[in-house]
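The values are calculated or read from the model by the stated rules, or taken from the named source; none is laboratory data. Worth saying up front: this structure is predicted, and the values here are computed from it rather than measured. Cβ: placed from backbone, ideal geometry, glycine included. Neighbour counts: every protein chain shown.
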Amino acid sequence: MKDKKIIRIIAMMFATFFAQYTMAQEKKTIDLNTAIDMSLVNSKQLKGSKARIDVAVAQVKEAEDNRLPNFNLSASYIKLSSANVNLKSNSNNSSGGNTTPKISQALYGIANISYPLYAGGRIKYAIESAKYLEQAAKLDADNDKEGVILNTLNGYINLYKAGVTTNVIKESLASSRQRDSSFSRLEQNGLLARNDLLKTELQTSNIELTLLDAENNYKLANINMNLMLGLPENTQLVIDTTSFQQLYKIKNIEEYEMLAIQNRKDVQALSIRKKAAGMAIKSANTEGYPTIALTGGYIAADIPNFITVTNAVNIGIGVQYNIASLWKTNTKLLQAKAREQEIQANEEQLNDAVRLQVNQDYQNYLLSRKRIEVYQKALQQATENFRITKNKYDNTLVTVTELLEADVALLQARLNLSLSKADAVQGYNRLLHTSGILIR
């Protein structure tokens, strides 16, 4: 029995270890479009944007409800301990006496209805302003959506760059270790100085340290992507690298500036808010106008031993006007005008900022393309330089230090070219985002 229990415990431990190992090794191949779709579904930022749109829609409904009639219904029951009631009338005075009823309770109900006929345009302007703010909230959500897409692109590209860096360093480390093995045999046979072997081994150690940093960066980039996509943190993502091997044709800078002013959601949202501020000014101007409403009501009351009232229906027109508006300052109007001026200033400032952003991203993309051309030549030069240096070293014409320097230059050239291609893709998409055309 004891042996069976031990075997069962060992089996459970093995199963747990195997499950954890399998989970840790889970891989998921994902392309860029799929990553964008998943990030949009799982974005917490967009969920907040959706909530703000719901609030704006509710505010429009609230403003529209002001056009509907108001209906109030109230009822009360009153219990009196002892009420002194003294009825005086001509008949009682002439007869020389009156009869005082004993009132100990009272019950009454009132129903009032009011339908607005004229409010100086306040209701109309409030509805239009709320609708403008709803449009602005939707544009803000679209702007947030573009921001989420850009963050996903950046995360995807960073993961690619971290993976490329790790792979290139691994290849360099394997080559360096192979060189160490060859040099170790030469040193053992007395054909290589001990100092030269130590130099190569030191470079291998440095590459190993660089690889540790690269692998750590890759893990963090992988976790960041998993969080954006709503995947388990230990999922190992395998990305599609074909999209990083192409260059994009671009328009001239004037076209991108025009596209940005026309399509940027933050620019459009600010323009809509300016219209809402204009409606607020019109609404504030109506503060000096009267309010007219159609009114009606019904009253029923029962006071035992005294009076009973039924079918007391009333209907009429009510007018309300604040006389104090003739001499009081309309502060709402002043505030509305100040808000419009503020939005106007923000709009001008944003337009300047948009043009600057477009120019910066445009020039950065052109720079990234030129860097690719330079790094391609540099890689050819570094490859040829390493070949020549290796041949010279084999013929004892250069030192091991020069050979190691040529190897480091080749490694750096390979990294620079791979990363520059990813930077170009990133720069192009940033230009699209700045121009307001990232969502295609």
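Filtered by the rule that a residue be at negative phi and not in a helix (DSSP H, G or I), the range 385-400 gives Asn395, Leu397, Val398, Thr399. Among the residues of the range 401-423, the ones that are in contact (Cβ under 8 Å) with a residue 40 or more places away in the chain and either of a type in the set (D, E, K, R) or not in a helix (DSSP H, G or I) (or both) come to 4 in all. With respect to Arg369, determine if the residue is within 27 Å of the chain's Cα centre (by Cα) and either exposed (fewer than 12 other Cβ atoms within 10 Å of the Cβ) or in contact (Cβ under 8 Å) with a residue 40 or more places away in the chain (or both). In short, no. Given the conditions (1) closer than 25 Å to Leu404 by Cα; (2) part of a strand (DSSP E or B), report the number of the one that Glu208 does not fulfil. Going through the list (1) closer than 25 Å to Leu404 by Cα; (2) part of a strand (DSSP E or B), Glu208 breaks only (2).
Conditions (1) surrounded by fewer than 20 Cβ atoms within 10 Å (Cβ to Cβ); (2) closer than 25 Å to Gln59 by Cβ; (3) not hydroxyl-bearing (Ser, Thr, Tyr), marked per residue:
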{"position": "Lys124", "(1), (2), (3)": "yes, yes, yes"}
{"position": "Ala130", "(1), (2), (3)": "no, yes, yes"}
{"position": "Ala136", "(1), (2), (3)": "no, yes, yes"}
{"position": "Asp140", "(1), (2), (3)": "no, yes, yes"}
{"position": "Gly147", "(1), (2), (3)": "yes, yes, yes"}
{"position": "Leu153", "(1), (2), (3)": "no, no, yes"}
{"position": "Ile157", "(1), (2), (3)": "no, no, yes"}
{"position": "Tyr160", "(1), (2), (3)": "no, no, no"}
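Pairs linking a residue in the range 306-319 that is over 24 Å from Lys102 (Cβ atoms) and touching a residue at least 12 places away in the same chain (Cβ under 8 Å) to a residue that is not in a strand (DSSP E or B) and not acidic (Asp, Glu), with Cβ atoms under 9 Å and 6 or more positions apart or on different chains, are Val319/Pro290.
Residues of the range 119-144 that are farther than 10 Å from Met279 by Cα and among the β-branched types (Val, Ile, Thr): Ile123 alone.
Hey, which of the helices (runs of 4 or more DSSP H) in the range 1-85, taking only ones fully inside, have at least 3 residues that are touching a strand residue (DSSP E or B) at 6+ places or on another chain (Cβ under 7 Å) and at pLDDT below 70?
In the range 1-85, no matching helices (runs of 4 or more DSSP H) lie anywhere.
Filtering the range 218-250 to residues that are of a type in the set (Phe, Trp, Tyr) and free of Cβ contacts under 8 Å to residues at least 12 places away in the same chain leaves nothing. Residues of the range 280-334 that are in contact with a helix residue (DSSP H, G or I) (Cβ under 7 Å, 6 or more places away or on another chain) and assigned to a helix (DSSP H, G or I): Ala280, Ile281, Lys282, Ser283, Ala284, Asn285, Thr286, Glu287, Gly288, Ser325, Lys332, Leu333. Taking the criterion of being without any contact (Cβ under 8 Å) to a residue 60 or more places away in the chain, in a helix (DSSP H, G or I) and not hydrophobic (A, V, I, L, M, F, W, C), would at least one residue in the range 426-438 satisfy it? Looking through the range 426-438, none of the residues is without any contact (Cβ under 8 Å) to a residue 60 or more places away in the chain, in a helix (DSSP H, G or I) and not hydrophobic (A, V, I, L, M, F, W, C). Scanning the range 382-430 for residues that are among the aromatic types (Phe, Trp, Tyr) and closer than 22 Å to Thr204 by Cβ turns up Phe386, Tyr393. The set of residues in the range 163-191 being surrounded by fewer than 20 Cβ atoms within 10 Å (Cβ to Cβ), touching a residue at least 24 places away in the same chain (Cβ under 8 Å) and either of a type in the set (A, V, I, L, M, F, W, C) or not in a helix (DSSP H, G or I) (or both) consists of Val168, Leu173.
Taking each residue of the range 113-140 that is within 17 Å of Val319 (Cβ to Cβ) and looking for partners that are part of a helix (DSSP H, G or I) with beta-carbon atoms closer than 7 Å, six or more apart or interchain, yields Pro116/Ile123; Gly120/Thr286; Gly121/Lys282; Gly121/Thr286; Arg122/Ser283; Arg122/Thr286.
Among the residues of the range 254-289, which ones are of a type in the set (A, V, I, L, M) and loosely packed, with under 15 Cβ neighbours inside 10 Å? Listed by number, the list holds a single entry, Met258. Quick check: anything in the range 391-399 farther than 27 Å from Ile250 by Cα, in contact (Cβ under 8 Å) with a residue 12 or more places away in the chain and either buried (at least 19 other Cβ atoms within 10 Å of the Cβ) or touching a helix residue (DSSP H, G or I) at 6+ places or on another chain (Cβ under 7 Å) (or both)? Looking for residues that are farther than 27 Å from Ile250 by Cα, in contact (Cβ under 8 Å) with a residue 12 or more places away in the chain and either buried (at least 19 other Cβ atoms within 10 Å of the Cβ) or touching a helix residue (DSSP H, G or I) at 6+ places or on another chain (Cβ under 7 Å) (or both), one finds none in the range 391-399, hence no.
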